[in-house]
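**Q** Before anything else, here's the structure in question.
Laboratory data are not the source of any read-out in this text; all were calculated from the coordinates shown. The shown structure was predicted, so the numbers you read here are calculated from the model rather than taken from an experiment. Positions of Cβ are generated from backbone atoms using ideal geometry, with glycine treated the same way; all protein chains shown enter the neighbour counts.
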Amino acid sequence: MMNTILITGGAGFVGANLALGMTERFSNIRVVALDNLHRRGSELNIERLRAHGVTFLHGDVRIKDDLQAVGEFDWMIECSAEPSAAAGHRGSPSYLIGSNLVGMLNCLEAVRERGAGMIFLSTSRVYPIPTLSKLAITETDTRFVLQEDQDVTGASSRGIAERFPLDGRRTLYGATKLCGEIMLQEYIAAHDVRGVVNRCGTIAGPWQMGKVDQGFVSLWVAAHTLELSLAYSGYGGTGKQVRDVLHITDLLDLIVLEMAQIDHCNTEVFNVGGGLAFSTSLRELTALCEEVTGKRTSIASEPDTGETDVPIYISDTGKVSSKLQWAPKRGIEEIVSDIHSWIVSARDKVEAIFTDGSQRIPAK
């Protein structure tokens, strides 16, 4: 029996969409969204959540009492995090560490106390930057391509598998999420907690308030729709960096499967993304945005590569597909079209958020 699902970070892009999706999939359960509203734009989701019967609580995972206020729950979908790969590299990392580590400990304790299960949303950023940057790639007119033969375990033309080495530098954000994975595994072993780790690549879809350092697909679409300037940053300024992209609804489909089949996938770590079929370079994304929006925008070239960037990341989803018979269904074209339709329909609410600060957008 499942009575209550708690979604931490529940007013953010991922959390809010999952909360709303859960209310659609399960008619007789209580869905609670807990969020501290730290990220600008998350406040716009409160009305959406409440209109669909989601209980919204303004709280912070760094504060134990805020989690206690939720009451009993059967599952926690742990989406709360400072999600920027650049976080902590410019200024103090205290919020990053507090949210992603202290908050994770508080979440695990809340799960343990209730005998609940946890779906932990980790990140592809747990994989080390130097190792990813040294993979064998070829260059086409529009993108970088992974070669089939690689000297690194877990890497192939299909992307990065869970066996990929974890030794090396990965950003403070990636380090905190890897620590969270380890903590969950230890709680599973020591306290019989049920849990699954999803190492997510780029997730995108409507209601994502993309920023310079996180959420590049929605920001790229917004820049074309709202006629903002862009820049191809790094790797010679050619726009050939590649990421695989996962529609938020495909992630929802997977999490529903994981909860239903927890006895089959308890303790597992999965690489989760769109995979090679649903990957894009910035250059290719630009062409698609022009096609969908009917608009062109100025794109500068900034050749210097940032310390947190990698030329290509694609999720090899073979393990999760084999284990749960899951595969993403919604491709890049559908993702871009869905985001564009949302921005057009909600322009009066979201334009100020997308135009705040820098209008030049490098890849995540």
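**Q** Going 7 Å from the Cα of K329 along its beta-carbon direction, which residues of the stretch 234-267 have the amide nitrogen within less than 14 Å of the resulting point?
**A** The answer is 247-257.
**Q** What is the calculated FRET efficiency for Q185 to E302, with r their C-beta to C-beta distance and R₀ = 45 Å, to the nearest 0.05?
**A** It comes to 0.70.
**Q** Taking just the C-alpha trace of the chain, give me its Rg and Dmax in Å.
**A** Rg, Dmax (Cα atoms, Å): 19.4, 56.
**Q** Once the piece of chain linking A161 and H52 is laid out straight, how much longer is it, given 0.36 nm per residue of separation minus the C-alpha distance between them?
**A** On the way: separation 109, 0.36 × 109 = 39.24 nm, distance 3.71 nm.
Residue separation times 0.36 nm, minus the Cα-Cα distance, leaves 35.5 nm.
**Q** If you average 1/r over all unlike Cα pairs in the stretch 244-292 and invert the result, what Kirkwood radius do you get in angstrom?
**A** When all Cα pairs of the stretch 244-292 are included, the Kirkwood radius is 12.8 Å.
**Q** Taking GluC sites (Glu not before Pro) as candidate sites, keep only those in a DSSP loop with at most 16 other Cβ atoms within 10 Å, then name the longest stretch of the chain containing none of them.
**A** 228-306
**Q** For the chain, what is the calculated [θ] at 222 nm in deg cm²/dmol (nearest 500), taking -39500 (n - 2.57) for each run of four or more DSSP H residues and dividing by its residue count?
**A** Taken over the chain, the calculation gives -10500 deg cm²/dmol.
**Q** Starting with the fewest neighbours, write out F270, F26 ranked by other beta-carbon atoms found within 10 Å of each beta-carbon.
**A** Details: F270 23, F26 15.
Ascending Cβ contact count within 10 Å gives the list F26, F270.
**Q** I'd like the FRET efficiency for E291 and R169, computed as 1/(1 + (r/R0)^6) with the beta carbon distance as r and R0 of 41 Å, rounded to 0.05.
**A** FRET efficiency, E291 to R169: 0.60.
**Q** Measure nothing but the geometry: give the 0 to 90° angle between the long axis through the Cα atoms of 13-25 and the longest principal axis through the Cα atoms of the chain, rounded to 10°.
**A** 60
**Q** Taking amide hydrogens as modeled 1.01 Å from N in the peptide plane, which residues meet the under 5 Å criterion relative to T4, leaving out close sequence neighbours?
**A** R30, D74, W75
**Q** Based only on other Cβ atoms within 10 Å, what is the fewest-to-most ordering of M259, M183?
**A** Ascending Cβ contact count within 10 Å gives the list M183, M259.
**Q** Just to confirm a number: summing +1 for Lys and Arg and -1 for Asp and Glu over residues other than I63 whose beta-carbon lies under 14 angstrom from that of I63, what do you get?
**A** -3
**Q** Cut-off is 10 Å between beta-carbons; in what order do D253, D192 appear when sorted fewest neighbours first?
**A** Arranged by neighbour count, lowest to highest, D253, D192 become D192, D253.
**Q** List every residue whose amide H lies under 5 Å from the amide H of R330, counting only residues 5 or more places away in sequence or on a different chain, with H placed 1.01 Å from N in the peptide plane.
**A** Under 5 Å from the amide H of R330 lie the amide H atoms of H247, each far enough along the sequence or on another chain.
**Q** Would you compute, for the Cα atoms of the stretch 183-290, the largest minus smallest coordinate along each principal axis and list the three values in descending order, in whole Å?
**A** Rounded to whole Å, the extents work out to 51, 26, 24 Å.
**Q** Another question, if that's okay. Can you tell me which lysines have their Cα less than 19 Å from the Cα of K211? Leave out same-chain residues fewer than eight positions away.
**A** Answer for K211, where 19 Å is the Cα cut-off: K349, K364, listed by chain and number.
**Q** For the stretch 1-142, what class follows from the C-alpha gyration tensor (a ≥ b ≥ c being the square roots of its eigenvalues): rounded when a/c is under 1.5, otherwise prolate if a/b is larger than b/c, else oblate?
**A** prolate
**Q** Let me ask something else about it. Sequence-distant or interchain residues sharing an amide H contact under 5 Å with I160, placed H: which?
**A** Excluding prolines and chain starts, which carry no amide H, the hits are I314, S315, D316.
**Q** Still on this model: For R158, what charge total do you get from the other residues with a beta carbon under 10 Å from its beta carbon, if Lys and Arg give +1 and Asp and Glu give -1?
**A** Counting the neighbours of R158, the net charge comes to -2.
**Q** Give me the distance in nm between label points sitting 7 Å out from Cα along the Cα-to-Cβ direction at T267 and Q68, one decimal.
**A** Distance between the two pseudo-spin positions: 3.3 nm.
**Q** Just to check I understand the Karplus step: with θ = phi - 60° and J = 6.51 cos²θ - 1.76 cosθ + 1.60, what whole-Hz values come out for the stretch 227-240, glycine and proline as x?
**A** Taking θ as phi minus 60°, the curve returns 6, 9, 7, 10, 8, 7, 10, x, 6, x, x, 9, x, 9 Hz for the stretch 227-240.
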